[in-house]
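Written below as structure tokens is the structure these notes are about.
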Amino acid sequence: LTMAGMIGGTKAELDYVAHVRVIFDLFYPGVLDGTVIDVPEDYDLMADIVYPVMGAVQADPTGFGILCMLKQTQLTGRTNEERMESLLTALGFNYRAIHDVLDRTNGACPVDNFDTVYEAVAPGLLSPEVLGMINAAVQRYDRERPADDLFDRHYEPSGELPVPMLALHNGYDPVVPLFHEGLYAAKVAAAGNSHLLEQRVVERYGHTNFTADEAAEGLMDLRAKVITSSSVAITN
């Protein structure tokens, strides 16, 4: 039983955070210190991230709107307040996590948008001129081979499910976006194990924002699946 699991893989999560950071930096240059892979180790969440970001967006919401409409950065949420929280969450995650990631990759670049073609979530939402500017001007990063190999060995799911699995996810998760479920389902399907996977989406904003009853129901349903699966195996 996973609840808001990063089951789509480390690379997808890191790249999502990187996409948000580079697009934010493109429209709000100088608001945040450093870059995706070079942020200060000593920082104050409110003074260095929350207040500057909110101030910049309030002064000019153009970039924020584009962040909400790009496929690679689509900020989850049903209201602007929720989408702003999603923006702050991704940028805060970048500050909090990148040094740990770089320690694991021994300094090799862990993110990749080198060949990314940034596009809108739906045709016509953004003009060709805006998309052309973004793709021409955005900062590019190329995940280095050592980091890619490391992630593939230790931090990417295979889809090889030997037992039943139930995955719970919030429909509007600012930390581990819902796209992880689709990525994982594809890997499970490729491995021929779709019959072992059930995914449930709770249409609520937040990370692991489930009620005790929802979690308990998921656990009991999974238990029933395991018992049924075991009974079938014994019978066969």
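The values are calculated or read from the model by the stated rules, or taken from the named source; none is laboratory data. Quick caveat: nothing in here was measured; it's all calculated off a predicted structure. Backbone-built Cβ (ideal geometry, glycine too); neighbour counts: all protein chains shown. The accessibility values were calculated without ligands, DNA or RNA, using every heavy atom of the protein model including side chains. Shrake-Rupley method; radii C 1.70, N 1.55, O 1.52, S 1.80 Å.
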Does region 17-28 hold any residues that are touching a Gly at 6+ places or on another chain (Cβ under 9 Å) and in contact (Cβ under 8 Å) with a residue 60 or more places away in the chain, and which are they?
Ile23, Phe24, Leu26
So which residues in region 34-59 are touching a helix residue (DSSP H, G or I) at 6+ places or on another chain (Cβ under 9 Å) and open to solvent by less than 60 Å² (accessible area, probe 1.4 Å)?
Gly34, Thr35, Val36, Ile37, Val39, Pro40, Asp48, Ile49, Val50, Val53, Ala56, Val57
Any residue in region 43-56 that is over 13 Å from Asn94 (Cβ atoms) sitting within a Cβ distance under 6 Å of a residue that is assigned to a helix (DSSP H, G or I) and open to solvent by less than 60 Å² (accessible area, probe 1.4 Å)? List the pairs, counting only those 6 or more apart or interchain.
Val50/Leu88
Does region 123-132 contain at least one residue that is over 30 Å from Met84 (Cβ atoms) and either touching a residue at least 40 places away in the same chain (Cβ under 8 Å) or in contact with a Ser or Thr (Cβ under 6 Å, 6 or more places away or on another chain) (or both)?
no
Hey, among the residues in region 93-107 that are free of Cβ contacts under 8 Å to residues at least 40 places away in the same chain and either touching an Asp or Glu at 6+ places or on another chain (Cβ under 9 Å) or not basic (Lys, Arg) (or both), which one's nearest to Leu75 (Cα to Cα)?
Asp100
Of all residues in region 169-194, which are of a type in the set (Phe, Trp, Tyr) and exposed (fewer than 13 other Cβ atoms within 10 Å of the Cβ)?
none
Considering only region 180-209, state which residues are more than 25 Å from Thr89 (Cα to Cα), of a type in the set (D, E, K, R) and more than 17 Å from the chain's Cα centre (by Cα).
Glu198
Is there a residue being in contact with an Asp or Glu (Cβ under 8 Å, 6 or more places away or on another chain) and open to solvent by 80 Å² or more (accessible area, probe 1.4 Å) anywhere in region 146-162?
no
Out of Leu166, Leu197, sole residue that is buried (at least 17 other Cβ atoms within 10 Å of the Cβ), modelled with pLDDT of 95 or more, among the aliphatic types (A, V, I, L, M) and touching a Lys or Arg at 6+ places or on another chain (Cβ under 8 Å):
Leu166
Within region 122-130, identify whether any single residue is on the phi > 0 side of the Ramachandran plot, out of contact with any strand residue (DSSP E or B) (no Cβ under 6 Å at 6 or more places or on another chain) and open to solvent by 40 Å² or more (accessible area, probe 1.4 Å), and answer yes or no.
yes
Only one residue in Gly63, Gly92 is farther than 15 Å from Val175 by Cα and small (Gly, Ala, Ser). Which one?
Gly63
Answer with yes or no whether Lys71 is under 22 Å from the mean Cα position of the chain (by Cα), at pLDDT 95 or above and open to solvent by 50 Å² or more (accessible area, probe 1.4 Å).
yes
Scan region 62-81 and report the pairs whose first residue is within 17 Å of Glu13 (Cα to Cα) and whose second residue is of a type in the set (A, V, I, L, M, F, W, C) and not in a loop (DSSP other than H, G, I, E, B), with Cβ atoms within less than 6 Å and a gap of 6+ or a chain change.
Leu67/Ile23; Thr73/Val20; Thr73/Ile23; Thr73/Leu67; Leu75/Leu67; Leu75/Cys68; Leu75/Leu87
For region 1-31, how many residues are open to solvent by less than 10 Å² (accessible area, probe 1.4 Å) and either at pLDDT below 95 or part of a loop (DSSP other than H, G, I, E, B) (or both)?
3
